[in-house]
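The values are calculated or read from the model by the stated rules, or taken from the named source; none is laboratory data. Given the structure is predicted, the values throughout are model-derived calculations rather than measurements. Cβ placement follows ideal geometry from the backbone for every residue including glycine, while neighbour counts extend to all protein chains displayed.
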Amino acid sequence: MGAQNSKHGKVLPVIESSDSKAHEQFQYLLGRRFHNVTDIIYDLPNDEDEVDRLHLEHFLTRDVWKSNFSSPIAHQLETGLKVLDVTFRDSTNVLYLQINYDKSSFVGIDISPIFPMEIKPGNVKFNETNILDGIPHPDESFDFRYMFPSFTQMQWEEIVINEIVRVVKIDGWLELCEYELCQNCGPVLESLLSARREMFIKEGRNPDVAQLLGKLMKETQHFDDIYHKTKEVPIGPWAGKIGEVGRDNIITRMIGIKPALSRFMNITSEQYDEMMQKSIKEFNEYKAYFVTSRCTIDFLTEEIPRTADK
């Protein structure tokens, strides 16, 4: 089945098919669809409800940052750049940028087909690709690369950074975006998030890797400047409309990770839902908020070997 309109009027990904290839690509837990790629550990779903949440998160993040990106490339985008969006999760950011910068070209890649198959502008391409198998583009193909971290620290050090260095042009830019920490969380939400951190560690993931990426990039000696900025995303009606959107985003995110987290915590689906209801009541009481970060990285202007040291 092709693209459809979601509840928010956006383009949906291809939804599950009954053929054998689809069943190899996906797994189904508690009524949600997840990718089935063994070397990438990602506990959020890949289905219509998750695409709706990603649309919501995109506009929430854009409102908090007052922009779609923080790298100083707006003028270059107007004149024409080649942009790679990695693990882009849904098409919203790419499609928004192509409307505003029609002289630039955009490539979005993800491990699962979570991009539109029918509504696709001429300056946009989507590829189903596992970056750990390599990015299917020649050296120095892109001027700007935008991505959400979704890898273990070892994968960053041994594979991902090498691929970044290889495909981005001299004097190009890389931007990394991620949610880092929850502040003023009530005890119930804190217990859920602590369990998720423990789950990450047991899976071989560093839950704080987003905060270490600047250091990892600097150690490669392939980058001139690394800038790390943070913003607060309020959760709950205590912060007005934006807090309500932040609340809806965290609720749907926590519902999405329920299959993995409830199993790890060895609790029932009903017990998990009860904890979530208690967490929602805590948002206003504690004035909770999340910290979101953007790490913008400027590639060296001088020619250097295109393979990272690590």
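Just so you know, in the range 100-120 the residues that are more than 19 Å from the chain's Cα centre (by Cα) and under 23 Å from Val168 (Cα atoms) include one that is modelled with the lowest pLDDT, and it is Asn100.
When only residues in the range 67-78 that are of a type outside the set (A, V, I, L, M, F, W, C) and closer than 15 Å to Gly172 by Cα count, which is surrounded by the fewest Cβ atoms within 10 Å (Cβ to Cβ)? It would help to see each step written out before you state the result.
Within the range 67-78, the first condition is being of a type outside the set (A, V, I, L, M, F, W, C), and the residues that meet it are 67-68, 70-72, 75-76, 78.
Of the ones still in play, those that are also closer than 15 Å to Gly172 by Cα are 70-72, 75-76.
Working: Ser70: 17, Ser71: 20, Pro72: 11, His75: 8, Gln76: 18.
Checking each candidate, the answer is His75.
When the range 202-226 is limited to residues that are under 15 Å from Glu163 (Cα atoms) and outside any loop (DSSP other than H, G, I, E, B), the one that is nearest to the chain's Cα centre (by Cα) turns out to be Leu213.
Across the range 281-299, what is the number of residues that are assigned to a strand (DSSP E or B) and modelled with pLDDT under 95?
10
Number of residues in the range 243-272 that are modelled with pLDDT of 95 or more and not in a helix (DSSP H, G or I): the value is 3. Considering only residues in the range 44-66 that are of a type in the set (D, E, K, R) and buried (at least 19 other Cβ atoms within 10 Å of the Cβ), the one that is nearest to the chain's Cα centre (by Cα) turns out to be Glu57.
Hey, could you check the range 121-140 for residues that are at pLDDT below 90 and closer than 24 Å to Glu78 by Cβ and say which is surrounded by the fewest Cβ atoms within 10 Å (Cβ to Cβ)?
The initial filter retains those residues of the range 121-140 that are at pLDDT below 90, namely 121-136.
Narrowing further to those that are closer than 24 Å to Glu78 by Cβ: 121-126.
Numbers: Pro121: 14, Gly122: 8, Asn123: 19, Val124: 22, Lys125: 14, Phe126: 21.
Applying the filter and picking the extreme gives Gly122.
Residues checked against (1) surrounded by 17 or more Cβ atoms within 10 Å (Cβ to Cβ); (2) without any contact (Cβ under 8 Å) to a residue 12 or more places away in the chain; (3) β-branched (Val, Ile, Thr):
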| position | (1), (2), (3) |
| --- | --- |
| Ser191 | no, no, no |
| Ser194 | no, yes, no |
| Glu203 | no, no, no |
| Gln211 | yes, no, no |
| Glu219 | no, no, no |
| Tyr227 | no, no, no |
| Lys231 | no, no, no |
| Pro234 | yes, no, no |
| Pro237 | no, no, no |
